[in-house]
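The values are calculated or read from the model by the stated rules, or taken from the named source; none is laboratory data. Note that the structure is a prediction, hence the values are computed from the model and not measured. Cβ placement follows ideal geometry from the backbone for every residue including glycine, while neighbour counts extend to all protein chains displayed. Remember, those area values only see protein heavy atoms, side chains included, never the ligands or the DNA or RNA. Shrake-Rupley method; radii C 1.70, N 1.55, O 1.52, S 1.80 Å.
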Amino acid sequence: MNKNKFLYLSSGLLFASIGNTVQGQEAVATTERPNVIYLLCDDMGYSDIEAYGQQMISTPNLTRLVNNGMSFTQFYASTAVSAPSRASLMTGQHTGHTKIRGNKEIQPEGQEPLDPNVETIGNLFQQNGYVTGCFGKWGMGYPGSGGEANDMGFDVFYGYNCQRKAHSYYPQYLWNNKEKVQLGGNSYSQDLIHQEALKFIRDNADKAFFGYFTYTIPHAELTQPQDSIVAMYDGKFYEPNPWYNDGDYGTALNPRTQFAAMITRLDTYVGQIIDELERLGIADKTLFIFTSDNGPHNEGGADPTFFNTEERLRGLKRALYEGGMRVPFIAYWPGTIEAGAISHIQAAGWDMMPTFVELLGEDSNWRDEAMDGLSILPTLTGNGTQQEHEFLYWEFHEENGRQAVRAGDWKLIRQNIKNGNPTHELYNIAEDPHEDNDLAATYPDKVEELKAIMDREHTHSDMFNFGR
């Protein structure tokens, strides 16, 4: 496989990294407003699941989702790290406009809250009569800030308020709405969170509901119950370097085994969600989306280079190369979304708000001026005309500051902004998805064109200003 030309699904369907073709079986669209489940996992890379090319880890339920839904080959997280990626998703604003543009910690627990004047996806569904629930990691408002999940459009919340607390899979406590549930460090959080998410589905099967499932798998701590899922991988991989507790993440003597099992555990949760929807008879009334908040990490003993055997994309979490931002995106809605469909449109996390606005039949001008995204509902349903982005824009405020723009086939990355002498790299993603051939010196006019977009799209922020 030529990594510079193709990406693929392991079911045998080849597709180029360019174009916007959709392939699949014909489906019958419905006008009924569906339930929505948006599963945003944590730090899972483009190639971490079988359907997107993974060869060493078993993910049969995600393959099942792919075979019965629509897979996107050029879907991007909102940026390359957690809090701003989630804030952009929640508000429909890219990271040049969101309030939260980086991981800003608040002691003793939590992160900078969302702008209370900007409504979230949770607010949108609430205002349309949906029951709303968030299960997993919030990370966008410390306790008492007015920015907690319950304050930002979610009727029910169970999980971690703070993303740093979410580094531990065996925490001392989790939050049930705004009350602490003491666990004493003896319970595996992901099983608890997943069971609460399944209960939310069961409790609201006869209502319209929106579930935001923010499981923290496969984040950096490689610890989990040593059960049959882990046993699947015992002895399968050479384990060169154990990872010992560094005060942030727990010890993992066999980190490759633990990482593989963690991906399969997430896949098991996906299968249980599908099974529950089918058992309740609401699968065809539910839009189920699976994706990730950013690319893979190399913390806590994780070894993304080992598992990315064909090195399809360059870069990891925190990089604005494709590997740090391009993520799996699978949408499943039986009878409405074409089974086995593949889309190559360029889309990003901030497209979800306008997509859900259109899904709910809201007036097309609802918060239009505050949103940077475009609805991808026409692509999902096959109805209507799909608008396409003139450009996608990202910024990142750690590691000396970065910006990126993708416009058509071209992508410009600006590095080392805070030192006052930034560099620019230009890539043709259609021909060079691995970003090996920097064309900045060859196409200076294209560099200037994309630099102008960067300068325009970054609005001033006192907290996130690239040191200016």
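Numbers for the structure displayed
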quantity: Translational diffusion of the chain, µm² s⁻¹ [Kirkwood Rh, Cα pairs; Stokes-Einstein; 20 °C; 1.002 mPa s]; calculated: 97 µm²/s
quantity: Cα-based reach from Lys165 at 16 Å (exclusive), listing lysines while leaving out same-chain residues under 8 positions away; calculated: Lys104, Lys137, Lys178, Lys180
quantity: Coarse-grained scattering of region 311-361 at q = 0.14, 0.16, 0.19, 0.22 Å⁻¹, given as base-10 log I(q)/I(0) from a Debye sum over alpha-carbon atoms; calculated: -0.53, -0.66, -0.85, -0.99
quantity: Nearest-10 value in Å² for the accessible area of Lys236, using the 1.4 Å probe; calculated: 110 Å²
quantity: Region 42-87: C-alpha gyration tensor shape, a/c 1.5 cut-off, then a/b vs b/c; calculated: prolate
quantity: Hydrodynamic radius of region 251-362 per Kirkwood, over alpha carbon pairs, in Å; calculated: 16.6 Å
quantity: Amide H partners (placed H, <5 Å) of Phe209, local residues excluded; calculated: Asn35, Val36, Val131
quantity: Exposed GluC sites (Glu not before Pro) absent: longest stretch of the chain, with sites in DSSP loops and at most 16 other Cβ within 10 Å deemed exposed; calculated: 110-309
quantity: Positive-end residue, the chain charge dipole about Cα centroid, Cβ charges, pick of Gln107, Asn308, Ala252; calculated: Ala252
quantity: Solvent exposure, largest accessible area first (probe 1.4 Å, DNA, RNA and ligands not counted), of Lys411, Lys207, Lys451; calculated: Lys207, Lys451, Lys411
quantity: Amide proton proximity set for Cys41, modelled H, under 5 Å, gap of 5+; calculated: Thr291, Ser292, Asp293
quantity: Binned Cα-Cα distances of region 301-390, short to long, each 5 Å bin given as a whole percent; calculated: 3, 11, 18, 20, 15, 13, 11, 6, 3, 1
quantity: 12 Å beta-carbon shell around Lys285, net charge (K/R +1, D/E -1); calculated: -2
quantity: Loop chymotrypsin sites (Phe, Trp or Tyr not before Pro), region 226-330 (other Cβ atoms within 10 Å of the site Cβ: 11 or fewer; DSSP); calculated: Tyr238, Tyr244
quantity: Between region 91-157 and region 403-468, the alpha-carbon center distance in angstrom; calculated: 29 Å
quantity: Where labels lie 7 Å past Cα in the beta-carbon direction, separation of Ala440 and Glu32 in nm; calculated: 5.4 nm
quantity: Distance between modelled label sites at Gln272 and Ala339, nm, 7 Å Cα→Cβ extension; calculated: 2.6 nm
quantity: Net charge dipole size for region 214-336 [Lys, Arg +1 and Asp, Glu -1 on Cβ; Debye, nearest 20]; calculated: 280 debye
quantity: Counting all C-alpha pairs of region 111-215, share separated by more than 20 Å (%); calculated: 36 percent
quantity: Compactness of region 204-303 - radius of gyration and Dmax, Cα, Å; calculated: 16.6, 51
quantity: Exposure ranking of Tyr76, Tyr173 by accessible area [1.4 Å probe, largest first]; calculated: Tyr173, Tyr76
quantity: Which of Val131, Val327 is most accessible, then next, and so on - probe 1.4 Å; calculated: Val131, Val327
quantity: Listed residues Ile217, Ala370, Asn35: farthest to the positive end of the dipole of the chain (Cβ charges); calculated: Ile217
